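The values are calculated or read from the model by the stated rules, or taken from the named source; none is laboratory data. Keep in mind it's a predicted model, so treat the numbers as computed, not measured. In this analysis, Cβ positions are derived from the backbone assuming ideal geometry, glycine residues included, and neighbour counts consider all displayed protein chains. With ligands, DNA and RNA removed, areas are computed over all heavy atoms of the protein, side chains included. Shrake-Rupley method; radii C 1.70, N 1.55, O 1.52, S 1.80 Å.
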Amino acid sequence: GGEDHIAITQTDFERDCDAGRFALSWRGNGLGYGVSTEIDLWLASGRHVILNGSRGYLSDAADRYPHLLPVLITIDPAVLRQRLAKRGRETEAEIEARIQRAMELDDIDHPALAVIANNGPLADAGEAFVALLRSL
């Protein structure tokens, strides 16, 4: 019910990485993430593409896609802790590790960086994101 994705095994993920099937790939939260090279076809046809990536791999994405517009969604650690606990998918230790990783990657540097705070109602951050997209 969350993001549009195709779940594959870790073995298949490694195979697809080795075969060059991902334009971008990274690991986080104990999982492997990859963006299919199909993204290049979409961009070449003039389409805009939105993806949920990782701050830790922003420089790789920016190198590959120089016209990238990174959007950093920020959140207060206490709010994130509360939301993750309510979601119920991670243990308390996993939540704390995730918050620590987020704080370590808090220094993002990109000339086109847009920042949206997500500390209030989710709808507010969503509306800010839609407004940003409309401004393009």
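Say whether the condition of being under 23 Å from ASP60 (Cα atoms), surrounded by fewer than 13 Cβ atoms within 10 Å (Cβ to Cβ) and not acidic (Asp, Glu) is met by at least one residue in the range 83-97.
So far as the range 83-97 goes, no, none of its residues is under 23 Å from ASP60 (Cα atoms), surrounded by fewer than 13 Cβ atoms within 10 Å (Cβ to Cβ) and not acidic (Asp, Glu).
Can you tell me how many residues within the range 118-136 are open to solvent by less than 90 Å² (accessible area, probe 1.4 Å), out of contact with any helix residue (DSSP H, G or I) (no Cβ under 7 Å at 6 or more places or on another chain) and either among the charged types (D, E, K, R) or closer than 20 Å to LEU69 by Cβ (or both)?
10
Across the range 23-33, which residue is surrounded by the fewest Cβ atoms within 10 Å (Cβ to Cβ) among those that are more than 17 Å from LEU68 (Cα to Cα) and in contact with a strand residue (DSSP E or B) (Cβ under 8 Å, 6 or more places away or on another chain)?
Top of the filtered list is ARG27.
Would you point out the residue of the range 1-22, among those that are aliphatic (A, V, I, L, M) and open to solvent by 70 Å² or more (accessible area, probe 1.4 Å), that is modelled with the lowest pLDDT?
ILE6
Conditions (1) within 28 Å of MET103 (Cα to Cα); (2) among the basic types (Lys, Arg); (3) without any contact (Cβ under 8 Å) to a residue 24 or more places away in the chain, marked per residue:
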position	(1), (2), (3)
THR9	no, no, yes
PHE13	yes, no, yes
ARG27	yes, yes, yes
VAL35	yes, no, yes
ARG55	yes, yes, no
ALA61	yes, no, no
PRO66	yes, no, yes
VAL71	yes, no, no
ILE75	yes, no, no
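Just to check your reading of the model, which residue among ALA131, ALA125, ALA112, ALA93 is part of a helix (DSSP H, G or I), modelled with pLDDT of 90 or more and over 19 Å from PRO77 (Cα atoms)?
ALA131
Which ones in the range 34-62 are exposed (fewer than 10 other Cβ atoms within 10 Å of the Cβ) and outside any loop (DSSP other than H, G, I, E, B)?
Matches in the range 34-62: ALA44 only.
Could we say that THR74 is among the β-branched types (Val, Ile, Thr) and open to solvent by less than 60 Å² (accessible area, probe 1.4 Å) here?
So THR74 passes the test.
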